[in-house]
1. If r is the Cβ-Cβ distance from E108 to T76 and R0 is 35 Å, what FRET efficiency results, to the nearest 0.05?
2. Residues with beta-carbon under 13 Å from that of R89, excluding R89: net charge, scoring Lys, Arg +1 and Asp, Glu -1?
3. Could I have the simple spin-label model distance between K93 and K22, label points 7 Å from Cα toward Cβ, reported in nm to one decimal?
Amino acid sequence: MPSDYTTTGGGLKLKGVGVDKKKKKKRPKPTEADESSTTDIEKRTLNPEDVKSLGRSLSPDAAEQAIKESGGRKKTEAEKRHEEYRRKRLEEKLKREGVRTHKEKVEELNKYLSGLSEHHDMPKIGPG
């Protein structure tokens, strides 16, 4: 007689509970008549409102293309305020600091580091 701790394989079996397996529904494959009804030209000329109403009937590429052609998605008021604030901050920063090249920034950093005391120097590690 098998022990209570041995398993015979398979999933867990609970007492008093029936097994409910959900079967996946298969989508019918589109026929050639369905594919020819919406051509690529028609997909490109759809309005964003049509794309929203059609849901998943369009491919993601076609939906994305339709949104881009209509001028992109509309930004919310908060997004517009955020973009405007970022742009103003960037302009102010450029006015204060001016436009410097990478070489100028590195030279300025080296000048700053050379002015620090020995306390900030990197300690030598290892022989040599």
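1. Once the sixth-power term is evaluated, E becomes 0.30.
2. Computed value for this residue: +2.
3. 4.8 nm
Computed from the coordinates by the stated procedures, all read-outs in this text should not be read as laboratory data. Here the structure is a predicted model, which means the values were calculated and not measured. Cβ atoms come from the backbone with ideal geometry, glycine included; neighbour counts cover every protein chain shown.
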